[in-house]
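**Q** Next up is a structure, given as structure tokens.
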Amino acid sequence: MNVMKHTLSSVLGGLVVTLVTRKLSNTPPTLLAATQYGHPFAWLIRLQIPSQYFPWRIDPLNFLADVAVWSVIVGIAVFLVQKAKKSSRKKQ
């Protein structure tokens, strides 16, 4: 796998994992007026405000930081899987 494919798969994998973490609450115990979602950085915030207002807020910097962290983790995982496949082919 060349560098471009590896980078693209890492970023797409990081984006998918980031979007999956929107279901995981990341609210500090001291915060009472909102619920935060996303790991390791809270990027999706639901405010406890009246229903006539749109309660969802997205923090774009935390979202990009979350995608970057998960992209690095996915990139390392893809690299290790490729390396394991190559070593198993050499043994055969």
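**Q** Note down the Stokes-Einstein diffusion coefficient of region 3-81 in µm²/s, whole number, using a Kirkwood radius over alpha carbon pairs, 20 °C, and 1.002 mPa s. Could the numbers behind the result be given before it?
**A** Details: Rh = 13.5 Å.
Roughly 159 µm²/s, to the nearest whole number.
**Q** Straight-line reach only, C-alpha to C-alpha below 24 angstrom: list the lysines that K83 could link to, leaving out same-chain residues fewer than 8 apart.
**A** K5, K91
**Q** Enumerate the calculated ³J(HN,Hα) couplings along region 69-85 in order (Karplus 6.51 cos²θ - 1.76 cosθ + 1.60, θ = phi - 60°), each rounded to whole Hz, writing x wherever the residue is Gly or Pro.
**A** After applying 6.51 cos²θ - 1.76 cosθ + 1.60, I find 4, 5, 5, 5, 5, 5, x, 5, 5, 5, 4, 5, 5, 5, 5, 5, 5 Hz.
**Q** In addition: On a full-extension model of 0.36 nm per residue, what is the gain between S25 and L80, subtracting their alpha-carbon distance, rounded to one decimal in nm?
**A** Values: separation 55, 0.36 × 55 = 19.80 nm, distance 2.98 nm.
Difference between extended and current length: 16.8 nm.
**Q** I'd like the orientation of helix 3-20 relative to the chain: the angle between its Cα long axis and the longest Cα principal axis, in ° from 0 to 90, rounded to 10.
**A** 30
Values in this text are rule-based calculations from the coordinates and carry no lab data. Since the structure is predicted, the reported quantities are computational estimates derived from the model, not experimental observations.
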